[in-house]
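Some notes on the structure that comes next.
Any read-out appearing in this document is the output of simple, stated calculations on the displayed coordinates, not a laboratory observation. The structure displayed is predicted, hence computed values, not measured ones. A quick note on method: Cβ atoms are made from the backbone with ideal geometry, for glycine too, and the neighbour counts reach across all protein chains shown.
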């Protein structure tokens, strides 16, 4: 399990050493914590899912925004239409980062809410076209033209995009973090992540469909894998076009009249 | 500098060779949408990018509806990460760290695609060619975000303080992430009508390919449209196929 550096912008006063200590205490046990009290930046080297670190920082009563994830990284915002502006019953974030600059291997960090409890197939599909929703993203990403299989199988016994299943708990939240040894971040950027209604049988089913998509059923949610910032790559704190700050972004729609703070 | 150019070229060549896409158009698509407005209109539609080969010009087709009449700034942002809205997308895609400009200016951000000029119908369907953006390599725009703005981009020529940074184009009315589009062969299959039109409904089939203009460097081969385009810039329940 690769450990990865995650950067958060935390709303704190410049030079607030007392709060920095509170924060270090709150994050104790998660990994190496580096607090920059001048810039309001916290970098945590951890093996925990980013959402847990985020919850722990926010539990101290301050707003925190993830601003960098590992090295070369990517993110997919998941919902039922695949369009980034829609608010739908299923919402989630899947983050990817390279675990090493030299070797393949991608760390995948998933948080998705609003799912039926149980297992759901989780795959990368070949295209990032959501003009007809999740239906238009094509088949499983499969550059080697191999059969469908388990993420643990060898490269020739699985699609490169086969990431197995994610398990949603009683509340409908699926939260997991794993490393896939075959993928590379550069090759999946611009493609789509899809979550399906049923469990993926990992190619072990008795019928032909099992070797195509693992009988994982209907696509219920998807998102395009977009480029995102690694640590120390994005210092943007305010949207130049409409003046919305980093801290207000989460309460604002991505576009439209309700965003504007200028009069 | 030479080194970085060499690396970029090598990367580009590797990617093309790896995908065996030499002389095969590379395609990308962004499904752009915005929130529903008070009057019930909503900005939505597709922006498709086609590059016939590495290093060649990129043909951009913008098909949007629900826009107000007038000019609207149109940009590619550095990241496609909308997890924290505008802040996480970074600035205009600007790997060379230069001033904001217009698409035809010598000094411009890579992501400066200028303005969309919309007529009173609120629907726009235009095709043009951009010489700076690319779909491949490290500086490719796949995985980044396109944003449509409320106001006109002054192309860096205005006197507002933000003119040289953002073009002062006001708030955002729509955005989308640029994704990989399927290979043209697959597009052709997908274009076959779901139901064969009956004899009564024989109609003009969309052309297999179209050439938007006759510039010699282009030799553009546009892929098939997956759905009838005009006047709906997105897959709409089309009367022909009902």
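Side notes on the structure shown:
- Largest GNM mean-square fluctuation across A:151, A:104, A:253, computed for chain A with C-alpha springs under 10 Å, falls on A:253.
- For the range B:23-184, the fraction of alpha-carbon pairs in successive 10 Å shells from zero, as %: 11, 42, 37, 9, 0
- Estimated FRET transfer efficiency when R0 is 41 angstrom, pair residue A:145-residue B:121 (beta carbons, to 0.05): 0.35
- Listed residues A:173, A:145, A:250, most fluctuating in chain A (Gaussian network, C-alpha, under 10 Å): A:250
- Cα shape, the range A:74-228, gyration tensor, a/c 1.5 rule: rounded
- Considering all different alpha carbon pairs of chain A, the Kirkwood hydrodynamic radius works out to 19.4 Å.
- Percentage relative contact order, the range B:23-184, counting C-alpha pairs under 8 Å, at least six apart: 29 percent
- Note on the range B:94-132 and the range A:171-209: Cα centroid distance 37 Å, given to the nearest whole angstrom.
- Relative contact order for the range B:65-138, counting Cα pairs under 8 Å that sit 6 or more residues apart, in percent: 36 percent
- Simple spin-label estimate for residue A:170 and residue B:98 gives 6.0 nm between the two label positions (7 Å along the Cα-to-Cβ direction from each Cα).
- Cβ crowding within 10 Å, taken as a proxy for footprinting-reagent exposure, orders A:141, B:31, A:19 from fewest neighbours to most as A:19, A:141, B:31.
- Partner shielding of B:42-48 amounts to 2, given as the average count of beta-carbon atoms from other chains within 10 Å of each residue beta-carbon.
- Chain A - mean residue ellipticity at 222 nm from DSSP helices (-39,500 (n - 2.57) per run, n ≥ 4, rounded to 500): -2500 deg cm²/dmol
- Mean per-residue shielding of peptide A:136-146 is 2, counting Cβ atoms of other chains within 10 Å of each Cβ.
- FRET efficiency for the residue A:212 to residue A:52 pair, using the beta carbon distance and R₀ = 30 Å, is estimated at 0.25.
- Neighbouring partner chain Cβ atoms per residue of A:65-77, average, 10 Å criterion: 3
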